[in-house]
Structure formats: structure tokens, C-alpha cells
Amino acid sequence: MAQQNITLISYGYFGKQFLEKIAEAVKQEYKFPVNFKESHLDLSEFFDPGRRQYNGNKLLHAVEAISRPEALKTVGLFSVDLFIPILTYIFGQALLNGRTGIVSLYRLSNERYGIEADDKLLLERFTKEVIHELGHTFGLIHCMAPSCVMRSSTYVEDIDQKNQNLCHHCREQLSTVIPDQIIG
Amino acid sequence: MARKISILVVDDEESVRDSLSNWFIEDGYRVECAENARKALLLIESSYFDIILADIKMPGMDGLEMLRRIKSLRNDAIVIVMTAFASVNTAVMALKDGAFDYVTKPFDPDDLSHLIRNASKQILLAQENETLRNKVVSLESVEDLIGNSEAMKKVLKQVESVAQSNSSVIITGESGTGKELIARAIHANSSRKYYPLVSVHCGALTESLLESELFGHEKGAFTGAMYNRKGRFEMADSGTIFLDEIATISPKMQIELLRVLETKSFVRVGGNKETSSDFRVICATNRDLKSMVEQGSFREDLYYRLNVVNINVPPLRERVEDIPLLVDYFIKKYCTTMNKPPINIDDAAMQRMEEYPFPGNIRELENMIERAIVIGNGKKITLKDLPLGKDMIDNSIESLDDFEKTFILQILNKYSWNITRTAKALKVDRVTLYNKIKKYDLKPD
């Protein structure tokens, strides 16, 4: 039986090096092997013409439907503007205690806010959001610690304020849900 | 650790309910959802929600009508209304009807977080305020426990040793000896001290009022029950309930009380849902419960359930050595309250106080000092400031009962037999005064 892993699926173009760096950071945080692969979806099905955005709930279910059984957790990586019906936008979302999450680059780049591009900062933000959504799939809720990656972020500036690591408390919580044999 | 705030989401669109529910759960809130106002109202009647987030446009009963109904059930409920159609008129109507805030769908994630955080902060502050208010009252009262006498030291030692346990306590002692202060001291020294101490004066309430007071009631349970109301047992959750004048409760209430003490659960008047509460019970009485049990007027099983620990507070005449300390304490207390410079008491006045039997115990002494400060010259308390002239110490009086009878009659006459004013002057409740009038067969001249 294949070893359980975390799978990152990119929809749209993401540089190989960019994905490798994210995979490395995820592996370091959750101690699971991380695979990444490319996939394709007809995103027009998820587009809401009224809002000119893509429905995050539907995309999450689509990623859930194609995730493979050997993948303990799967995160879909997008570069389109995501929304859920009640919110104007989201950076990403995940099923709490589920197997799937999604994250988008769209609102993480400096250019979106009229500031000079910064690829390093974009990578950092994206990595933090992937680790954050994976945290939800492991049952972690938002954390009040300012530097914890599980702190809620509603603006990109909030993402910049936190680290890409779980705080001590969240790590302890995680250790109660990830059995030793899986970590080992 | 702060408790989890609970949120009820009411919206006819499933995707909205799911999105909000997931969002709030990730933020650490406890969430329930309802797809229409009718289901929401049923949930609100059976469970407590800190925040209710309700859509305005819903089939059947709309959000505004639901808001009014929620407010009629729980006036303090925090309701946030939301709509996809921004309209100033609707917003104003919602706010007029008591909504906490009004938001337009879809929300900016940051706005939603702030809104819920602000509402949560208000709820937690209100609770903290209530807890601190109780704590301040409780601590102020504990300061009133004055005494260096052996009798009082024994009581304080008992207070210290029972405080840490969870056992039921009966405090006995004559009227005015400070039984409630002892209850407050036990609570303030217990592990429950950060939770409420809820006092109920059983003697002042009729059977049906006491039932509603202790167990709470549902809206419409009886005439005048305009809102759902929590009972004292529910309010005392995690804390202590103090039942004063326990000997006055009716046989029916004795059975009810016994059941609650055994199961720690109860049903509100007019309701059908069992509610649990974790409370410690402390009772007080100036009657001899044991002989009431023997006479059959107090249930034996309830007596043993309540009387795990008995603390008897000695009357003031049995701890005369505490009188100077108490006099000094009440002088300081009332001079501070009345914004007067501290004054002394002369030796003759103090000696007379030490000789006086104080049938009304500390309550009487406290009143005496307060009166002396009000009517005195502001420099020193002297004999003429105290109602302890020769007429007060009548040699024909041979027992405490004789004294009490004469004293009550004197005050009744002074207030032309106005029961309310007399009870207020004696600092007892009206029921106690009626009982005394009956006991001594007092009649107007």
C-alpha cells in the first residue's frame, strides 16, 4: 500500500520551483511526504457572471471528487478570484477535519493592490495559506497567537504578520489528531 | 478560559448557512443553523444562543418579524440582521426593533469578523461585569465579618474549612446575626468564587412566586410572564445559591427542592425541557429545623440533604467582646459613606452598648450607629445619640421574647402600624414582621 501523503494539485500554471518550495515547507510543517501534480478543470463551470468570480464551495467539492485515496489531504492551487456566497472574496478554504482544501494566488500578489511585484513575498503568502488550509483539514481552528499560521487573515497584510509555522498550542492540538504511526 | 460563544444562523439558502457555519466553526464558535424563522424560534426557545444572525428576506415569517419575536422571548438577545437588498428603511426598522447591527450580503470577510468579534466582546464584557459586580458585593460583605471573640473565631474556622468542599451548609442563628455574610464568606473562599452567588429570600415570596423565582419560567406560563426568564438555580450555574429563611417554604416546594438537589436539574414553570445546573447550596434559618422535622412541618429527607454542615452564628449578647470592634467598624463605614470626618464614641456610650442585649443583633447595632452618626453632633457619639435610655432598658422585661415584643410594638406605634415602614425600620421583611405580630399577638393601641 502506498504511503499516505499530502497532494498539491495545481490548476493553471505554477512554476516548478515555486511548487517545490511550497511542498518543502508543507513537508517540514506536517512531516508527510508531499506530491505535486498538474491538473485541468473547465473553470467556466465555476464562474459566477454576476460576481465575476469563481465559486469556492463548488471548486472545493470538485477537488474533493478527484482526490486520490492514497492522498491523506489534497489542496487545489488556483490563480482565479474565489468567493463563497456570503463573502466578497476568500484567499482559500478547506473542510474542517476533511480531506480537501483550496487556495488561490489571485488576491495575494502585490500587483493586485497597485504595489510593485514581489515574487518572494508572493511565495511566502501562498505557502502560509496552503499550510493554513491544511491545518483546517487536520481539525485546527483559527488561533489567536499573532505569529501562528492558523491566525485568521482577511487582508494580505494579515498574512504578512504571521509566520508559516504552527504555534506550540496548535502543534500540540495537531499531535492529538495525527497518530504516531502515520507520522512515523 | 473563555467559554465558546454560540451563534445561530437563520437563512433559507443552504449555501449561505453552510458557508457561514464553516466560517464560524473555523473561528472557534459553536454554530447551529435554521432554514426558516419558525425553526429558529423553536431552537431559541429550547437552547441559549449568544448571537443570532438572521436573514431579512425569508419565505413565511421574515427576519424583522422574527427579530420582534426573539426580542419578546429574550430581550437581551444579540440579533444581527442580514439582507441581500440594502435598504435604509429596513435597516432603521431593524435597529429600532432592537437589532445589534445590520449587514448587507455578501460581506467583506473582515467586516464579518469584526462584527462578530464586537458582539462577542460585548457579551463577554457584560458577563464579566456581572461576575465582578457579584464579586465586589461578596467581598464588601465579607469585610463585615468582624470578631475576635472565641465564638466568632470558631465560626470563621468553620467557614474556612467548609469553603473548599462542595457540601451543603445550613447556617443557623438569630435574626440579624449575619447569616448571609457567612454564606458570602463561604462562597468567596471557595473554588466557585469567580461564578455568581445568587441569594433568594424564601420568606419574602409566595409559593408560586418562589417556584418561578427558583426554576425560571417560559413566556406565557402565567399572567405577567412576558419573557422567558432564567431561574435562580440556572443563574447559579458553577456558583452558589443561598436560600435564606429556608424554614418558611411550603411542603410542595420542599419536595421540588429535594428533587432539584438530588438531580441538579429542573424544568422551568410552563416549560417541558429539563435544564441542568451545577450549583452549591447554602441555606439559612433562624428556626430550629430539627424540631420542625420532629413536628412534621419540615421534610426529614430534605433536612438531611441540606444539613451536611451546620454553622451556628452566635448572637451578639454571647460575644460582647466584639461590640467595640463592631462599633468602630460601623462608625468608619458610615462616616465614609456619608462623607463625614471620622468620629469617636465616648466611654459611657460604649459601656451602655456593651450592657445592652441587642435582640436585633448586629443589624440592630449597625442601625444604632448609623442613626447616631446622622443625628449626632458630628464630633463624638454620646449616650444621648443612642436609643438606649432608661426607657429602653425596662426592668419589667425578663426574657428576650418580652424585649422583642415591646420593641416591635414600640416601632409599630411609632410608624402608626404601617407594616411596610415598620419592616423597613426594623430591617426585616414584611413576612417576618407579620409572623412576629402573630407570635406576640400584637394589636394597635
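None of the figures in this text is laboratory data; all of them are computed from the coordinates on show. Just so it is clear, the model here is predicted, and its values are computed rather than measured. With ideal geometry, Cβ positions are generated from the backbone for all residues, glycine too; neighbour counts draw on all protein chains shown.
Annotations for the structure displayed:
- Distance-filtered residues of the stretch B:215-243 - backbone nitrogen under 20 Å, label point 7 angstrom along residue B:258 Cα→Cβ: B:215, B:243
- Under conditions of 37 °C and 0.692 mPa s, chain B yields 129 µm² s⁻¹ as its translational diffusion coefficient, taking Rh as the Kirkwood radius over Cα pairs in the Stokes-Einstein equation.
- When all alpha carbon pairs of the protein assembly as shown are counted in 10 Å bins from zero, the resulting P(r) reads 3, 13, 18, 17, 14, 12, 10, 7, 4, 1, 0 %.
- Net dipole in debye of the protein assembly as shown [+1 Lys, Arg Cβ; -1 Asp, Glu Cβ; about Cα centre; nearest 20]: 840 debye
- Charge dipole (the stretch A:1-123, unit charges on Cβ, about Cα centre) - positive-most of A:91, A:113, A:80: A:91
- Computed over the stretch A:62-113, the convex hull of the alpha-carbon atoms projects to a mean area of 4.3 nm².
- Fewest neighbouring Cβ atoms within 10 Å first, the residues B:336, B:248, A:127 line up as B:336, B:248, A:127.
- Computed over the stretch A:43-132, the Cα gyration tensor eigenvalues convert (square root of 5λ each) into semi-axes of 22, 18, 10 Å, ordered from largest to smallest.
- Ratio of Rg to Rh over the stretch B:6-127 (Cα coordinates, Kirkwood Rh, two decimals): 0.92
- With R₀ set to 60 Å, the beta-carbon distance separating residue B:384 from residue B:84 gives a calculated FRET efficiency near 0.15.
- Ordering B:93, B:353 by the number of other Cβ atoms within 10 Å of each residue's own Cβ, fewest first, gives B:93, B:353.
- Given R0 = 25 Å, the distance between the Cβ atoms of residue B:355 and residue B:157 translates into a calculated FRET efficiency of 0.30.
- Computed [θ] at 222 nm, deg cm²/dmol, chain B (DSSP H ≥ 4; -39,500 (n - 2.57); rounded to nearest 500): -15000 deg cm²/dmol
- Percent of beta bridges antiparallel (DSSP, the protein assembly as shown, rounded to nearest 5): 15 percent
- Of the GluC sites (Glu not before Pro) found in the stretch A:84-143, those in coil by DSSP whose Cβ has at most 12 other Cβ atoms within 10 Å are A:116.
- Computed over the stretch A:5-183, the ratio Rg/Rh where both radii use C-alpha atoms and Rh is Kirkwood: 0.94
- Whole-number percent relative contact order across the stretch A:5-183, with pairs defined as alpha carbons under 8 Å at least 6 apart: 18 percent
- When you filter the GluC sites (Glu not before Pro) in the stretch A:1-106 for DSSP loop state and at most 14 other Cβ atoms inside 10 Å of their Cβ, you are left with A:70.
- Relative contact order (percent, whole number), chain B, Cα cutoff 8 Å, 6+ residue spacing: 12 percent
- Neighbour-count ranking [beta-carbon atoms within 10 angstrom, fewest first] of B:74, B:268, B:133: B:133, B:74, B:268
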